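Working notes for the structure below.
The values are calculated or read from the model by the stated rules, or taken from the named source; none is laboratory data. Since this is a predicted model, take the numbers as computed values, not measurements. As a convention, Cβ positions derive from the backbone with ideal geometry for all residues, glycine included, and neighbour counts pool all protein chains shown.
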Amino acid sequence: MEDASCNPRSLSWLVKSCIPNPHTDTRRKTILLPRLSDNSTPENRPENHPIPHNLTSFSSLPDDLLIETLSRVSPSSLPSVSLVCRRWAHALDSPAFHDLRRTHGRIQHTLYAVAVSDFGVLSATHRIGSDTSWTTAPFPGIESLPPEIFDVSFSHMRMLALGRSIYVVGRNATVRYDTWTGSATPGAPMLFPRKKFAAAAVGGRIYAAGGAACTASVEEYDPGSDTWRVVAEAPRRRYGCVGAAVDGIFYVIGGLRIGAPRGGRMEAHVYASSMDLYDVEAGAWLRSRHVPGGGCVVGACGAGGYVYVLASHAVELSFWRWDGKRGSAGFGEWCRLKSPPLPAQVRLDSAVRFSCVGIGERVALIQVFGCIDDLLRRSGRSCRGLKEGLVLVYDSGPGEWSRGPDLPEMFRRAACVCVEC
């Protein structure tokens, strides 16, 4: 099998090798090796069980060699690999398989965007460092989901990455998408319907807060049991907030503070320049912090031990970095960074919306709603009316912004996330 790809002919041979051929004398051509434990390696394999040179049945390989071989297939072949047999499917789920794919350079940071449009539920992917554009397709596995799952509840969805899986969390629904097998399965909805809420993945679980006038509860989702539970009460109720996570802390940032009802209506007050910090392991809230410079927080994410916050001041954007590495001398310090190259005259507080996504040590700023004509003129493009889709990438090393490939034209109010797959 070639390292660079797994072509259909090779994959067909692998599939056939798992099915015994009644016309083949297996006593001469197949030697079954003993099954080894999951922690077995080529170095500690018994000498009296060498691998014969004439081994022809792929299913006869011990677990460590099976995982080693499968870890080299191309990403496009993984869905087929998972369907061959249970043993292969279990191999894909093992931590050793993920570690080997990383070692072989088969894992890359990939941006995913999902949008509900008139054309149905669409997804777009962009592999950082490999692709020059986005690849668009119907949301994978949509035919296996209940038709009502992608209704209006997903108009303000949040997307989180846990390992190779992407979780799409909406107001009344949750969907898990496996980026390796291409399968999508419905999950349990949140206990409280939320809209424009904060969400982040911490320690293999998902946390959600804000976006609900009836409760200040913080919910935790356990993927293993597919259950939500309340773990804390937030210091204040927020609407339109964003979430981030760094070093075991769930950050609930920005949004409007929802006050006590007056005259039968909930009163919302601007509470834009603050963030609440929830220590997941301790189950306690740390001291709330203010985002410097004021303004309205329009995006935030965690990347490389820092929380990056994008704030709008009606006529300009400011970009800040919070040191979230606990135990370090700089924990809790703010640093103002170079603002993204957007035209200052655009009223960014209401006309344009962004999604901030952490990509390793970098940050992708994706425009998911609004219109920026002046930016097109400055970039030398004559067309006008670009409604959404601008992608800018901030590299923390040189501290500079660069232009990425625009989102596909049909994407509107998309939810975005980065996953290693």
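Within segment 208-231, the set of residues being buried (at least 20 other Cβ atoms within 10 Å of the Cβ) and either under 22 Å from residue 111 (Cβ atoms) or among the aliphatic types (A, V, I, L, M) (or both) comprises 208, 209, 212, 218.
Conditions (1) surrounded by fewer than 20 Cβ atoms within 10 Å (Cβ to Cβ); (2) modelled with pLDDT under 95; (3) closer than 21 Å to residue 397 by Cβ, marked per residue:
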{"site": "254", "(1), (2), (3)": "no, yes, no"}
{"site": "268", "(1), (2), (3)": "yes, yes, no"}
{"site": "286", "(1), (2), (3)": "yes, no, no"}
{"site": "306", "(1), (2), (3)": "no, no, yes"}
{"site": "353", "(1), (2), (3)": "yes, yes, no"}
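When residue 90 is tested against (1) in contact with a strand residue (DSSP E or B) (Cβ under 6 Å, 6 or more places away or on another chain); (2) without any contact (Cβ under 8 Å) to a residue 24 or more places away in the chain, exactly one condition is not met: (1). Among residues of segment 362-392 being outside any loop (DSSP other than H, G, I, E, B) and in contact with a Lys or Arg (Cβ under 6 Å, 6 or more places away or on another chain), the one that is modelled with the highest pLDDT is 368.
For every residue, the table says whether it meets (1) farther than 21 Å from residue 82 by Cβ; (2) modelled with pLDDT under 95; (3) among the polar types (S, T, N, Q); (4) touching a strand residue (DSSP E or B) at 6+ places or on another chain (Cβ under 6 Å).
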| residue | (1), (2), (3), (4) |
| --- | --- |
| 177 | no, yes, no, yes |
| 182 | no, yes, no, no |
| 193 | yes, yes, no, no |
| 198 | yes, no, no, yes |
| 202 | yes, no, no, yes |
| 207 | yes, no, no, yes |
| 214 | yes, yes, no, no |
| 217 | yes, no, yes, yes |
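Scanning segment 121-138 for residues that are in contact (Cβ under 8 Å) with a residue 40 or more places away in the chain and not β-branched (Val, Ile, Thr) yields 122, 124, 126, 131, 133, 134. Mind listing just one residue for me: the one in segment 98-133 that is farther than 19 Å from residue 182 by Cα and small (Gly, Ala, Ser) and, of those, modelled with the highest pLDDT? Ranking the qualifying residues of segment 98-133, first place goes to 133. Residues that are in a strand (DSSP E or B) and not aliphatic (A, V, I, L, M) were ranked within segment 97-111; the one that is farthest from residue 369 (Cα to Cα) is 109.
Quick check on segment 112-120. Is at least one of its residues free of Cβ contacts under 8 Å to residues at least 60 places away in the same chain, over 19 Å from residue 366 (Cα atoms) and not in a loop (DSSP other than H, G, I, E, B)? Yes, because at least one residue in segment 112-120 is free of Cβ contacts under 8 Å to residues at least 60 places away in the same chain, over 19 Å from residue 366 (Cα atoms) and not in a loop (DSSP other than H, G, I, E, B). Within segment 101-130, the set of residues being surrounded by fewer than 17 Cβ atoms within 10 Å (Cβ to Cβ) and farther than 17 Å from residue 409 by Cβ comprises 102, 103, 104, 105, 108, 127, 128, 129, 130.
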